[in-house]
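Nothing in this text is a laboratory measurement; each read-out follows from the coordinates by a stated rule. Model, not experiment: these values are computed from the prediction. Cβ atoms come from the backbone with ideal geometry, glycine included; neighbour counts cover every protein chain shown.
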Amino acid sequence: MKIGEKDYRSIWHDERDPGSIHVIDQRKLPFSFEVMTLRSCDEVCDAISTMAVRGAPLIGAVAAWGVVLSFLERSGESDVHASVMNDAFKIKSTRPTAVNLAWAVDFMTEVLKNYPDADIMRRAAEGLCDDEAERSRRIGVNGLPLIEEISRKKEGGVVNILTHCNAGWLACVDYGTALAPVYMAHDRGINVHVWVDETRPRNQGSRLTAWELSNHGVPCTLITDNAGGHLMQNGMVDIVIVGCDRATASGDVANKTGTYLKALAARDNGIPFYSAFPVSTFDMAIDRPDQIIIEERDGDEVRKIDGINIAPDNIPVSNYGFDVTPARLITAIITDRGICRADKESILTLLS
Ligand code: MRU
């Protein structure tokens, strides 16, 4: 995607500096655009756990490179395989909810097992990033007709889309998941407008989604997290599209906390609610919402904004990073392989 005139991905590798990867420090956006160079497995773990990089597909891509960097660092050691496996475990432990993280690390440790070679591992990580970008592009292609259909019904009038958190290109390698169909519709001249939830406590909506949409010229309006219900009641939302960090085999979807409340309001107002994600986000080993581990984060994210207290010191805080929207509230799931209903049978058919 473009920043100004320049094309960017959210992660890239420079062949002239083969022991590193480059990412955008998302903690600094939208106030400053800073590129971070990660040179070790520890730096990768730190970037993921401090949320310099975040978003399910992107943390998977960064984690894959973490395994490569670990292999390069450990190359002089007597049991390289065991040391890298130990690092792989550390990378997997950085964040618990997004399944793409574990999926990408497992993919890379398989490569390590079969081809313990730096060039092959680098190429595998590059391939994983390219595949991730292509999966996002396919999500855009598959979701586009939903927006086109609403636009047709409204005879070219504005299609109002509500989204939560950031599931755009910053959260993926390119294009995005929830935002991929939105960018595609906008690029084809469809009149779209996005309601952007600010997404407390870390404000991925106001800091990241608003930034990337406006950089691309997509009309959008920032709203407080609690405003969505009012907009839906007043006919100001045509469709809700959100991302996903882990989906069960039954079609329940874990996404940034607050997503569930949007789904409830959408159902009450007869508004279609979609979750968009690559099929790698399905965790087919589980089929109940309570099997998804929900990350609990530091209370200071809620007590403070940018270091400034907005609550009494030391007030007890509960800070669940995600919630689960049950399948029954989801109109359909938009994936890189097509659209399917949020139920086990449809998901199994899609995956087969
Ligand atoms: O805690 P984050 O910012 O990593 O959470 C991200 C989200 O919940 C996104 O909506 C998500 O990863 C969906 S897919 C891009």
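Among the conditions (1) away from the ligand (no atom under 16 Å from the Cβ); (2) within 30 Å of ARG152 (Cβ to Cβ); (3) among the acidic types (Asp, Glu), ASP336 misses just one, which is (1). Applying the criterion of being among the aliphatic types (A, V, I, L, M) and touching a Pro at 6+ places or on another chain (Cβ under 7 Å) to the residues of segment 277-317, the residue that is nearest to ALA98 (Cα to Cα) is ILE293.
Return yes when ALA254 is more than 13 Å from GLY168 (Cβ to Cβ), among the small types (Gly, Ala, Ser), near the ligand (Cβ under 10 Å from one of its atoms) and buried (at least 24 other Cβ atoms within 10 Å of the Cβ) and no when it is not. In short, yes. Residues in segment 67-109 that are away from the ligand (no atom under 16 Å from the Cβ) and outside any helix (DSSP H, G or I) were compared, and the one that is surrounded by the most Cβ atoms within 10 Å (Cβ to Cβ) is ARG74.
When segment 53-66 is filtered for residues that are assigned to a loop (DSSP other than H, G, I, E, B) and either touching a residue at least 60 places away in the same chain (Cβ under 8 Å) or more than 11 Å from the ligand (Cβ to nearest atom) (or both), the ones remaining, listed by number, are ARG54, GLY55.
Mind listing just one residue for me: the one in segment 261-275 that is over 18 Å from ASP343 (Cβ atoms) and within 21 Å of the chain's Cα centre (by Cα) and, of those, farthest from the ligand (Cβ to nearest atom)? Step by step, filter segment 261-275, then rank; the result is LEU261. Is one or more of the residues making up segment 237-244 hydrophobic (A, V, I, L, M, F, W, C), out of contact with any His (no Cβ under 9 Å at 6 or more places or on another chain), part of a helix (DSSP H, G or I) and under 17 Å from ASP197 (Cα atoms)? No: segment 237-244 contains no residue that is hydrophobic (A, V, I, L, M, F, W, C), out of contact with any His (no Cβ under 9 Å at 6 or more places or on another chain), part of a helix (DSSP H, G or I) and under 17 Å from ASP197 (Cα atoms).
Of the candidates GLU155, GLU126, GLU134, the single residue that is without any contact (Cβ under 8 Å) to a residue 24 or more places away in the chain and out of contact with any Cys (no Cβ under 9 Å at 6 or more places or on another chain) is GLU155. Looking only at residues of segment 313-322 that are surrounded by fewer than 19 Cβ atoms within 10 Å (Cβ to Cβ) and not polar (S, T, N, Q), we find that the one that is nearest to the ligand (Cβ to nearest atom) is TYR320. Screening segment 276-307 for residues that are of a type in the set (D, E, K, R) and more than 13 Å from the ligand (Cβ to nearest atom) and picking the one that is nearest to ARG138 (Cα to Cα) gives ASP283.
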